[in-house]
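The values are calculated or read from the model by the stated rules, or taken from the named source; none is laboratory data. The shown structure was predicted, so the numbers you read here are calculated from the model rather than taken from an experiment. Ideal geometry is used to build each Cβ from the backbone, glycine not excepted, and the neighbour counts take in all protein chains shown.
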Amino acid sequence: MVTRRGPEGVAAVLQSQGGFIKMTSDLDVFRTAAFLLKEHGPVESVLVAGKRAEELLDQGDEVGSWVWIRIVRAIGVLKSQAPREGEAVNP
């Protein structure tokens, strides 16, 4: 696994699959995090992503596990940016 910082500081995980390099962008990570938050809520989404990271690590897929750890972190970022109950949105 190799982590690189690409254009505009976008971090990506590179992995070789059949001779090709696959990158998981921050955009993909945050889209997945947002989807999990919508589908599972703020607590369950972290558990779902963490479980997937563990499963992949148990299967020996360190790169896949690292991507899901990034998703867990992105869920935390999105949760911290969400308006709190009763907080005005776009006042």
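For the stretch 38-51, which positions are surrounded by fewer than 19 Cβ atoms within 10 Å (Cβ to Cβ) and touching a residue at least 12 places away in the same chain (Cβ under 8 Å)? Let's see the steps before the verdict.
Initial filter on the stretch 38-51 (surrounded by fewer than 19 Cβ atoms within 10 Å (Cβ to Cβ)): 38-44, 47-48, 50-51.
Across the stretch 38-51, the qualifying residues are PRO42, VAL48, GLY50.
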Flagged in the stretch 62-79 as buried (at least 16 other Cβ atoms within 10 Å of the Cβ) and more than 11 Å from the chain's Cα centre (by Cα), in numbering order, are VAL63
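Could you check the stretch 37-91 and list, in sequence order, the residues that are outside any helix (DSSP H, G or I) and farther than 19 Å from ASP26 by Cα? Spell out the reasoning first.
Just the residues of the stretch 37-91 that are outside any helix (DSSP H, G or I), to begin with: 59-61, 82-91.
Residues satisfying the conditions are GLN59, GLY60, ASP61, PRO83, ARG84, GLU85, GLY86, GLU87, ALA88, VAL89, ASN90, PRO91.
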Residues of the stretch 1-41 being farther than 13 Å from ILE71 by Cα, modelled with pLDDT of 85 or more and not basic (Lys, Arg), which ones? GLU39, HIS40, GLY41
Return yes when GLU62 is among the acidic types (Asp, Glu) and free of Cβ contacts under 8 Å to residues at least 60 places away in the same chain and no when it is not. no
